[in-house]
Each structure stands twice: as C-alpha cells, then as structure tokens.
Amino acid sequence: MKLKFYKSDANPCDFIDFCGYSLYNIYYSVMKGGSRVMLWWEPDLQKNNPDVQNLQKKQNKRRRGRWSDLDDFTKAPDGSYIYIGVTYTFQGTPRERRKQLAALVGLAAVMLAAAVASGCVSAPGTGRCVYVVLPYCLCLLSTCSLAWGLGRLIAGGDPLRNYVYKATVRQFPLRCVLTVLGAAATLIGEAVYLILHGAGDLIFGASFFLFCHGLVLAGALLFRRLSRAMQWTGSEEDR
C-alpha cells in the first residue's frame, strides 16, 4: 500500500472527506489485497485521481436506490422544497381517467371485502391447516397492498411524480400476480382439504369461502387488465 500526502489549506469538510477516502483505501488494501493510493484531499487532485473518481461513482450508484428520489427536489428561496423530477401524465381526458379509476376502485373494494369476509366465517381448514392458512394470508396481504397502491395513485393526481409512478403503476402487475397466486393457492388448498376431510357441518362456510376467493381471483385478473390499459407518458419522453 502506497501512502502519499499533500499539504494543502484544506477546510474541516475537506479533512473529513479525506478521512473517509483514507478508511476506504485501507479497507481495500487489507481485505482485498490491492494497492491503493491515499491522497490528501484537494480539489485539483480529486479531478485527476482515478481512485477518488471510482469511489465517487460507487457512492453515486448507491444513491440511485432508496434515497435517489431526494435528488428530484430543490430548495426554494422561502425554505420550501420544489419537485423538479420526471412526471407522468395520463393519456386521455380527465373524464376517462376518472372513469377508469372508478372501475379500479370498485374492483379493489370488492376484492378487499371478499378477502376480509372469507376470513370472518368458519370454513373447513381455516383454523389449523397450513396449506389453507398461508395462501390465505398471502391473498389478504397482496389485496391490501393493491388497494393501498390504488389509493396512492389517486392521491398522486395527474401528472404523477416519478416516485409515485414507480410505487403504483409499475408495481400493479406484480401485486396482481401475487393476489392471483394467493387466491388460486387458497382455492386449491381448500379443495384438497374438503376432498381429504370433508366439509362436515360447515358446508355453507366452505361454499362462501370458495366463492369469496373466486371473486378475488377474477377481480385481480380484471384489475391487471384495466390498469395496463391506462397509458402514461413521462415528461422526458416529450422532450
């Protein structure tokens, strides 16, 4: 490991940056067996130092994850924050948007009510049978997630901010698939339990349970189709 120190009139912030880069270089040299060069932080040296540039690229890459949306805001003179990132506009009239959202809200309400109601009745296998309870939990959670995403989509307005678009429109297909898988697995598990153990005195509960999850399954498929029919255009695509 090579050490090179350069004297400069660095301020405290520059010294803190230097310490961070130095610790990274020491870690890389000891753990990775490489040969790194540590430089006393100086703006002119930073521009020409490949080690510093590579580290900055890695830091910028990490910022693209959870907190990357913070870069889409800028501070206004009055102290508030203004969104300057990408937005997505619905391709259609406001009336068409309200109509499609109303259809999605109706579907989500029916699905959520069916999922919750099916857990409120006494049905065979819903008490202790693992291959019935676990799929039901997946179905219920994914349905709630779908309804929450739809609520966030409506609250986001038109145009949608980029982080809202990614959390709603882009996530709808996956959430619909999880809901379909949960409902289908619940139906299969309940059917297997009825074949093996019978319904006993819970014929009504079994029929209602199967009916509810059939509604959830059909609703999730239709929800996916309607949500994909809504077309959005990003502001970057218009440039």
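Below is a table of values for the structure above.
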| read-out | value |
| --- | --- |
| When residues of region 203-215 are limited to those that are farther than 11 Å from P135 by Cβ and touching a helix residue (DSSP H, G or I) at 6+ places or on another chain (Cβ under 9 Å), the one surrounded by the fewest Cβ atoms within 10 Å (Cβ to Cβ) | F211 |
| Yes/no for A108 being modelled with pLDDT of 85 or more, surrounded by 13 or more Cβ atoms within 10 Å (Cβ to Cβ), within 21 Å of R170 (Cβ to Cβ) and hydrophobic (A, V, I, L, M, F, W, C) | yes |
| Unique match (being basic (K, R), under 23 Å from the mean Cα position of the chain (by Cα) and farther than 26 Å from C212 by Cα) among R161, R95, R152, R175 | R161 |
| Considering residues of region 187-203 that are part of a helix (DSSP H, G or I) and touching a residue at least 60 places away in the same chain (Cβ under 8 Å) only, the residue farthest from the chain's Cα centre (by Cα) | H197 |
| Residue count, region 130-181 (criterion: closer than 20 Å to A218 by Cα and among the small types (G, A, S)) | 4 |
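The values are calculated or read from the model by the stated rules, or taken from the named source; none is laboratory data. Worth saying up front: this structure is predicted, and the values here are computed from it rather than measured. With ideal geometry, Cβ positions are generated from the backbone for all residues, glycine too; neighbour counts draw on all protein chains shown.
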